[in-house]
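Structure first, then comments.
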Amino acid sequence: MKLIVVTTPTFFVEEDKIITALFEEGLDILHLRKPETPAMFSERLLTLIPEKYHRRIVTHEHFYLKEEFCLMGIHLNSRNPTPPEDYEGHISCSCHSIEEVKNKKHFYDYVFMSPIYDSISKNGYHSTYTAEELRQARKAKIIDSKVIALGGVSADNLLEIKDFGFGGAAVLGDLWNKFDACSDQDFSAIIQHFKELKKLTE
């Protein structure tokens, strides 16, 4: 099962070092999600991450970055719903219902399905699925290797996500909560937690 990390929506000083360390520990894919931020900040972050890891980064904004930095691909969502004209390459997208997953997954390399559990990073963003609905979706082959679970993903539920038949899990709040960008300088706790998550996906 793939383990994907989604960045925090804001930039912070140690971010490039943490991302590089995550890749060194076996991170499969990083989703660079920085809504409503200037492109120059994303460019700066990418220049600080070793080039060999760029091909494992998917951007949610400023799609020209894909070519500029030889990234893995782009991600479509409600803010950026369409790829650039004549775009070729990896595309993933966000889905918020079983029906949407069913209708869209065939057009993309993979899709995010959310929120599977109550969100850790977004207050009031609650799960809209029951365990039974997810099992039925697996049985109907709607949930499969092309569907990534997002929303409230943590060490406590990764095995259940695997059991539901998802091809991967995208983690955000559960990981980044292990580091306080305002007061922490040592990011070993976040790396240690990532190793635990990685082990559970294997």
Worksheet entry | Residue in region 125-147 that is within 21 Å of SER78 (Cα to Cα) and free of Cβ contacts under 8 Å to residues at least 24 places away in the same chain present | yes
Worksheet, complete the sentence: Per the filter on region 2-27, residues exposed (fewer than 15 other Cβ atoms within 10 Å of the Cβ) and among the acidic types (Asp, Glu) are GLU24, GLU25
Item to complete: Taking THR201 as the residue in question, decide whether it is of a type in the set (Val, Ile, Thr) and either on the phi > 0 side of the Ramachandran plot or open to solvent by 80 Å² or more (accessible area, probe 1.4 Å) (or both).
Response: no
Fill in: Hits in region 74-114 (condition: assigned to a strand (DSSP E or B) and either touching a Pro at 6+ places or on another chain (Cβ under 7 Å) or within 16 Å of PHE166 (Cα to Cα) (or both))
ILE74, LEU76, ILE91, SER92, CYS93, SER94, CYS95, TYR110, VAL111, PHE112, MET113
Practice prompt. Could you please find all residues in region 39-55 being closer than 17 Å to LYS17 by Cβ and open to solvent by 80 Å² or more (accessible area, probe 1.4 Å)?
Written response: PHE41, ARG44, THR47, GLU51, LYS52
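Considering LEU71, LEU30, LEU46, which residue is among the aliphatic types (A, V, I, L, M) and either assigned to a loop (DSSP other than H, G, I, E, B) or modelled with pLDDT under 95 (or both)?
Values: LEU30 fails: either assigned to a loop (DSSP other than H, G, I, E, B) or modelled with pLDDT under 95 (or both); LEU46 fails: either assigned to a loop (DSSP other than H, G, I, E, B) or modelled with pLDDT under 95 (or both).
The conditions single out LEU71.
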Worksheet entry | Residue under evaluation LYS162, criteria (1) farther than 28 Å from PHE12 by Cβ; (2) in contact (Cβ under 8 Å) with a residue 60 or more places away in the chain; (3) buried (at least 18 other Cβ atoms within 10 Å of the Cβ), criterion not met | (3)
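Taking region 165-183 on its own, how many of its residues are part of a loop (DSSP other than H, G, I, E, B) and either touching a strand residue (DSSP E or B) at 6+ places or on another chain (Cβ under 6 Å) or touching a residue at least 60 places away in the same chain (Cβ under 8 Å) (or both)? Reasoning before the result, please.
Keep residues of region 165-183 that are part of a loop (DSSP other than H, G, I, E, B), which gives 165-167, 172, 177-183.
Now restrict to residues that are either touching a strand residue (DSSP E or B) at 6+ places or on another chain (Cβ under 6 Å) or touching a residue at least 60 places away in the same chain (Cβ under 8 Å) (or both): 166-167, 172, 179, 181.
Adding up the residues that qualify gives 5.
The values are calculated or read from the model by the stated rules, or taken from the named source; none is laboratory data. Small disclaimer: the values here were computed from a predicted structure and weren't measured. In this analysis, Cβ positions are derived from the backbone assuming ideal geometry, glycine residues included, and neighbour counts consider all displayed protein chains. The area values use the complete protein model at the heavy-atom level, side chains included, leaving out ligands, DNA and RNA. Shrake-Rupley method; radii C 1.70, N 1.55, O 1.52, S 1.80 Å.
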